[in-house]
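Engineer: Mind having a look at this structure? Questions to follow.
The values are calculated or read from the model by the stated rules, or taken from the named source; none is laboratory data. Quick caveat, the model's predicted, so the values are computed rather than measured. Using ideal geometry, Cβ is built from the backbone for each residue, glycine included, and neighbour counts are taken over all protein chains shown. To get the accessible areas, we keep the full protein, side chains included, count just its heavy atoms, and leave off ligands, DNA and RNA. Shrake-Rupley method; radii C 1.70, N 1.55, O 1.52, S 1.80 Å.
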Amino acid sequence: MNSLRLALAQIAPELGELGQNLERHHALLGEARGAGAGLIVFPELGLTGYLLQDLAAEVAMRLDDPRLTRLAKATSGMSAVVSFVEESADHRLFISAALLEDGAIRHVHRKLYLPTYGLFDERRFFAAGDSLRATPSRLGIGLGIAVCEDFWHLSVPALLALDGAQLLINVSSSPGRDLAATNEVGLGTASSWRSLMRTYAQLTTSFVVFCNRVGVDESISFWGGSEVIAPSGQAVLSAPLYDEGLFTVDIALADIRRERIALPLLRDERPELVVREFGRIVSERAGLADDTTAEAGSGPGLDSAPEPAR
Amino acid sequence: MSERTPAMDGAGGDQDRGFELPPELAIDTDVARRVMADFIRGQLRQAGFERAVLGLSGGIDSGLVAYLTAEAIGPERLLCVLMPYRTSSPASRSDAETVVERLGCASEVVDISPMVDPFFEGQREASALRRGNVMARMRMTVLYDRSVTWGGLVVGTGNKTEALIGYTTLFGDSACAFNPIGDLYKSQVRQVAAAIGVPDAIIRKAPSADLWPGQTDEAEAGFAYPELDRLLFWRIDKRRSTEELVAMGFDGAWIERVDRMVAGSEFKRQVPPVAKLGPRTAGVDYLYPRRRPGAARR
């Protein structure tokens, strides 16, 4: 297998300025094409900005929106992952990431996990996706696309890899926080993500692409630090924190086979075991089966018994 | 990504540094400066402004914000307004002038005495609290007026410690278009100020609202900033219970007193509520970014 040139568009989208962001996407697509990239990845909500609140409905696009069609048209001979607010036919709004290839929309992933805690309020404004699929691509390998918080749930990279993804792509709008001098890069958020990406690459023996935006929406600053991690867990590209730019790297697709032969973790996965135990846990949590692992005295669906009141 | 050791400014210890920096509050000042510079530029750009104005007291908070703003947009786009009252300390004035000189930014001196004194004419009994509040609100008025003449947004200079305990004047010193240092504790303000080059004398002197001669924050409130910063950090940022804080060595009565100050000043940190009557109400179920597409001043 040959080498693939990846381009990561670590951009600062203008909040709510769909037209302006579309122009920027077209320009960067052209730039990536000129640089010989086979795949360009844009960050979460790169077409709209992140902190939209009630603007979400105003910048939403259906998948047949001519602006999206035009952007897809610009991908002949290459692949792009772009992200936007998708409006479904029944008028739900999703945070979506689409794989555009050879002029068409090849695959759409709707963000599954919408953080609604701490500084996040996504569930108020968006609907959560209901399915997770790896997708084949013109690149000759399976892709697994996920959005930001999706990767804070272990099952997502695991399912994508089992479903045939060899290149996992996470597009993010990750707000930087927890500035502590004790972190490796001075930013708690960055340390966490860096650990996650290396771990997923190693455990799924896949390439992992993390494309995070930069810039400022209201109070929050997005920290960039986009990365490409090889199946061995080694970083092959680490973009700078906070700087805007188009960052490219060549990856050797043969590394996937090499790693999977040397470390056959996926071969040894036990999906039938996982699905059986998940099935049991789901039944128990729904109170439909006796919970064999619960403490004595637990209520239906709970694993822990209440502490005696003091 | 740049792999580097965290920037532990003044790693030589509190003695060399000239101020106390509790270790759990130490931040990477390079990252902090980058975030705050991007924040300042982003806020101005989204609003369609290129310039900024701030009130420079001679203290460390406004001094740091002046440095940060100059670093973010260039000193030529910054107007620092010095607004002494007749009882303000001359040292504050000269410290503020040093900052202006070092930065090479525009400055203006507006003596607020002729605005404040007539306000209290015939009211000799007016308390220091009332006078202090009026002074703070006169300064706000001057800044918002200069915001028009200078064509710049008012940059806030309040820190996290004073905001949390409510040591601010509502619609006075807390009034601003945006605030780059509002999430930095006083100790962290000192750390970043040292890293960015705010003059040593300003970093080392006792913080003061400078409302009357010899006033200092710490004497007035009966606390030392590093200890208060630590308490607030563990209480609020790290969600520690009273029992856990006591086990860490904090005094129970003091924890209770600080808790009361924080709870009692919640209103100062929030936008005033509007009575909900219509279908969509600002701040309740009409929620937009402060700067919407097409909102920027052209």
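Engineer: Which percentage, to the nearest 5, of the DSSP beta bridges contained in chain A is antiparallel?
Structural biologist: Working: 36 of 55 bridges.
Restricted to chain A, the bridges split so that about 65 percent are antiparallel.
Engineer: Still on this structure: Under a point spin-label approximation (7 Å from Cα along Cα-to-Cβ), what is the B:Arg290-B:Arg102 distance to one decimal in nm?
Structural biologist: Result: 2.7 nm between the two label points.
Engineer: If you don't mind, another one. Full-extension gain between B:Phe120 and B:Thr87, please, as 0.36 nm times their residue separation minus the C-alpha to C-alpha distance. Mind showing how you got there, number by number?
Structural biologist: On the way: separation 33, 0.36 × 33 = 11.88 nm, distance 1.50 nm.
Extra length from B:Phe120 to B:Thr87 when fully extended: 10.4 nm.
Engineer: Roughly speaking, what is the centre-to-centre gap between the range B:14-93 and the range B:141-209 when only Cα atoms are used, to the nearest Å?
Structural biologist: Centre-to-centre (Cα) distance: 7 Å.
Engineer: Find which of B:Val134, B:Phe223, B:Gly151 sits farthest along the positive direction of the dipole of the range B:18-269, computed with +1 on the beta-carbon of Lys and Arg, -1 on that of Asp and Glu, about the Cα centre.
Structural biologist: Farthest towards the positive end: B:Gly151.
Engineer: By the scheme Lys and Arg +1, Asp and Glu -1, what is the net charge of all other residues having a beta-carbon under 12 Å from that of B:Tyr67?
Structural biologist: Its environment carries a net charge of 0.
Engineer: Computed FRET efficiency, Cβ-Cβ of A:Asp243 and A:Arg280, R0 35 Å: what is it to the nearest 0.05?
Structural biologist: Between A:Asp243 and A:Arg280 the formula returns 0.15.
Engineer: A further question follows. Chain pair B, A: how much accessible area is buried, both chains summed, with a 1.4 Å probe, in Å² to 100?
Structural biologist: On the way: alone 15540 and 14430 Å², together 27380 Å².
Between B and A, the summed buried area is about 2600 Å².
Engineer: Using a 1.4 Å probe over the heavy atoms of the protein chains, calculate the carbon and sulfur portion of the accessible area of the range B:18-269 as a whole percent. Don't skip to the end; give the middle numbers.
Structural biologist: Numbers: 5700 of 10620 Å².
On the range B:18-269, the fraction of accessible area on carbon and sulfur atoms equals 54 percent.
Engineer: So if each residue of separation counts as 0.36 nm, and I subtract the Cα-Cα distance between B:Glu266 and B:Glu243, what length gain in nm does that give?
Structural biologist: 6.0 nm
Engineer: Turning to a different aspect of this structure: In the protein assembly as shown, what percentage of the DSSP-assigned beta bridges are antiparallel, given to the nearest 5? Working shown, then result.
Structural biologist: Working: 36 of 68 bridges.
So the antiparallel bridges amount to about 55 percent of the total.
Engineer: In nanometres, what is the gap between the two model label sites at B:Ala282 and B:Glu256, each 7 Å from Cα along Cα-to-Cβ?
Structural biologist: Result: 4.1 nm between the two label points.
Engineer: Ok, one more. Take the alpha-carbon centre of the range A:236-310, take the same for the range B:273-291, and report the distance between them in whole Å.
Structural biologist: Computed from Cα coordinates, the inter-centre distance equals 40 Å.
Engineer: Which whole number gives the average, over all residues in A:238-246, of C-beta atoms from other chains lying within 10 Å of the residue C-beta?
Structural biologist: Shielding by partners across A:238-246 averages 2.
Engineer: Which values of log₁₀ I(q)/I(0), to two decimal places, follow from the Debye formula for the protein assembly as shown at q = 0.08, 0.12 Å⁻¹ with a uniform point scatterer at every Cα?
Structural biologist: -0.68, -1.28
Engineer: Also, quick follow-up: For chain A, what % of the accessible area comes from carbon and sulfur atoms, probe 1.4 Å?
Structural biologist: On the way: 6840 of 13150 Å².
Of the solvent-accessible surface of chain A, carbon and sulfur hold 52 percent.
Engineer: Let me ask something else about it. How much FRET efficiency would the formula 1/(1 + (r/R0)^6) give for A:Ala289 and B:Trp212, where r is the Cβ-Cβ distance and R0 is 60 Å, rounded to 0.05? Walk me through the intermediate numbers first.
Structural biologist: Working: r = 72 Å, r/R0 = 1.21.
Step by step, r from the Cβ atoms, then E = 0.25.
Engineer: Now a separate question. Using only helices, what value at 222 nm comes out for the protein assembly as shown when you add -39,500 (n - 2.57) per DSSP H run of length 4 or more and divide by the total residues, to the nearest 500 deg cm²/dmol?
Structural biologist: Value at 222 nm, helices only, nearest 500: -10500 deg cm²/dmol.
Engineer: Still on this model: Write out the chymotrypsin sites (Phe, Trp or Tyr not before Pro) in the range A:101-166 meeting two conditions: DSSP loop, and at most 12 other Cβ atoms within 10 Å of their Cβ.
Structural biologist: Filter output for the range A:101-166: A:Tyr117.
Engineer: If you count, for every residue in B:25-32, the Cβ atoms of partner chains within 10 Å of its Cβ, what is the mean?
Structural biologist: 6
Engineer: Per residue of A:218-229, count partner chain C-beta atoms within 10 Å of its C-beta, then hand back the mean as an integer.
Structural biologist: If you average over the peptide's residues, the count of other-chain Cβ atoms is 3.
Engineer: What is the spin-label model distance, in nm, from A:Glu184 to A:Arg138 if the labels are put 7 Å beyond Cα along the C-beta direction?
Structural biologist: Distance between the two pseudo-spin positions: 3.6 nm.
Engineer: Are there trypsin sites (Lys or Arg not before Pro) in the range B:46-112 that DSSP puts in a loop and that have at most 15 other Cβ atoms within 10 Å, and which ones?
Structural biologist: Taking the range B:46-112 and a limit of 15 other Cβ atoms within 10 Å, the loop trypsin sites (Lys or Arg not before Pro) found are B:Arg86.
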